[in-house]
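**Q** Quick one: the structure is below, questions incoming.
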Amino acid sequence: MASPWKVVDLIGVTKTFFEKKGIVSSARLDADLLLAKVLGCRRIDLYLRFDQVVAEPQLSEFRALVKERGERRRPVKQILGHCEFMSHDFEVTPDVLIPRPETEMLVEQVLLGLGQGPQTVVDIGTGSGNIAISIALARPDAAVWATEISGPALAVARRNAERHGVAARVTLLHGDLFAPLPGHGLEGQVDCAVSNPPYVAESEMPALMPDVAEHEPRVALVSGEDGLGHTLRILAEAPRYLRAGGLLALETSPFTAERARAAAEANGAYEGVRVVRDLQRIERILTGRKKA
C-alpha cells in the first residue's frame, strides 16, 4: 500500500488480499471492520467516506492490522478487542474464547426454561462472561454465579460485568468447573446450570482453522481425546447443585451430541433429556431437568 489511498481502494485491495490468504467468507467484512477501527467510525460510515484519502499514520496502522489478520490469521474480533453477543458488546482478548452466534441459542434456551420470580443460575466456565452477563441483563431478578479456571479470563469477565452494570448480581469465582461453589449455600438451590464447555477432541485440532487453533485459548477448546471430558464431569456434578426440576443446559459438539445425551440419560438424575438443533439443523444444545 502506498499513499494516496482512498477508503474504497483500500477495502477492495484488502478484500482481495484476504481471499488469497484463504479468508474467503468474511474477506469484505473483515476489511471493513479493520478500516473502521483505524478511522474511528462505524462500518456503515465507510460507505459515506469512500472518497476519503487515508494518510499516514492511519495507513500504517491499517497495514499492521491487515498483516495480523491475513498473515498471522489472528481473529478479527480479537484484533478489534470486542464482540457482539445477544446484542451486547463484550470485551475479548486472547485469554478468552470469542463468543459465537450459536451460543446465543444456549442463552435463549436458558431464558425460555427459567421460571418466574427470582432465579439462581450457575455458569460453568464463563470465559468472557458473555453467557452469565447476558442472562443477568435479560433477567434482572436473577442471581448469577460464574466459575472460570483461567485467572486472566476471569479478569476479562469481571470487566465485562462492570461495564454492563451487573457486577452486583454476577458473582465470579476462580476455579475448575464446580470446584469453587461449595461453601456458598448453593447445594440443591440452583434453578439452572449452564455451560459452553470445551468440547473439541484432540484429534480434531489439526482440522481447525488457524484463526481458532493458533489464537484462541486451548483450555477453552479441547476436552481430551474424545471431546467429552468436561461434558461428562458437568453431567456428574450438576445434580448436587440443581434443585428438583432445575434445568441443565450445555452447548455440545455435533460429533458427540448423541453420546452426551446417552450419558445424561444413563446418569439417572435427569429427565426430559433432549438435544436441540441450531438454525443449520446441527445438534447443538443438550438440555435436561433434575428429577424430583
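Where a number appears in this text, it was derived from the coordinates with a stated rule and is not lab data. Given the structure is predicted, the values throughout are model-derived calculations rather than measurements. Don't worry about glycine lacking a Cβ; one is built from the backbone with ideal geometry, like all the others, and counts go over all protein chains shown.
**Q** What is the angle, in °, between the Cα long axis of helix 58-70 and the longest principal axis of the Cα atoms in the chain? Nearest 10 is fine, range 0 to 90.
**A** Result, in degrees: 50.
**Q** For LYS20, which aspartates and glutamates qualify as cross-link partners when the Cα separation must be under 19 Å and same-chain residues fewer than eight apart are set aside?
**A** In chain and number order, the partners are ASP9, ASP30, ASP32, GLU68, GLU71, ASP211.
**Q** Treat every Asp and Glu Cβ in the chain as -1 and every Lys and Arg Cβ as +1, leave all other atoms uncharged, and give the resulting dipole magnitude about the Cα centre to the nearest 20 debye. Write out the running numbers ahead of the final one.
**A** Working: 35 positive and 38 negative charges, 70 e Å.
Dipole size: approximately 340 debye.
**Q** Report, as a whole number in µm² per second, the diffusion coefficient that Stokes-Einstein gives for segment 156-279 at 20 °C and 1.002 mPa s using the Kirkwood radius over alpha carbon pairs. Mind dumping the intermediate values first?
**A** On the way: Rh = 16.2 Å.
D = 132 µm²/s.
**Q** Starting at the first residue of segment 193-203, write each ³J(HN,Hα) from the Karplus equation 6.51 cos²θ - 1.76 cosθ + 1.60 with θ = phi - 60°, in whole Hz, x for Gly and Pro.
**A** 10, 10, 7, 10, x, x, 9, 8, 7, 3, 5
**Q** Which log10 I(q)/I(0) values does segment 110-201 give at q = 0.12, 0.14, 0.20 Å⁻¹ under the Debye formula, counting every alpha carbon as one identical point scatterer?
**A** -0.32, -0.44, -0.90
**Q** If you don't mind, another one. Please list, in order along segment 255-272, the HN-Hα scalar couplings obtained from phi with the Karplus expression 6.51 cos²θ - 1.76 cosθ + 1.60 (θ = phi - 60°), rounded to whole Hz, x for Gly and Pro.
**A** My calculation for segment 255-272 gives 6, 10, 4, 5, 5, 5, 4, 4, 5, 5, 5, 5, 4, x, 8, 10, 9, x Hz in order.
**Q** Is it possible to state the helix-based mean residue ellipticity at 222 nm for the chain, with each DSSP H run of 4+ residues giving -39500 (n - 2.57), the sum divided by total residues, to the nearest 500 deg cm²/dmol? What is it?
**A** Details: 10 runs with 102 residues, N = 292.
Result for the chain, helices only: -10500 deg cm²/dmol.
**Q** When the chain is treated as a GNM, springs tying every alpha-carbon pair under 10 Å, which of SER223, SER60, SER134 comes out with the largest mean-square fluctuation?
**A** Evaluated over the chain, the most mobile residue of the options is SER60.
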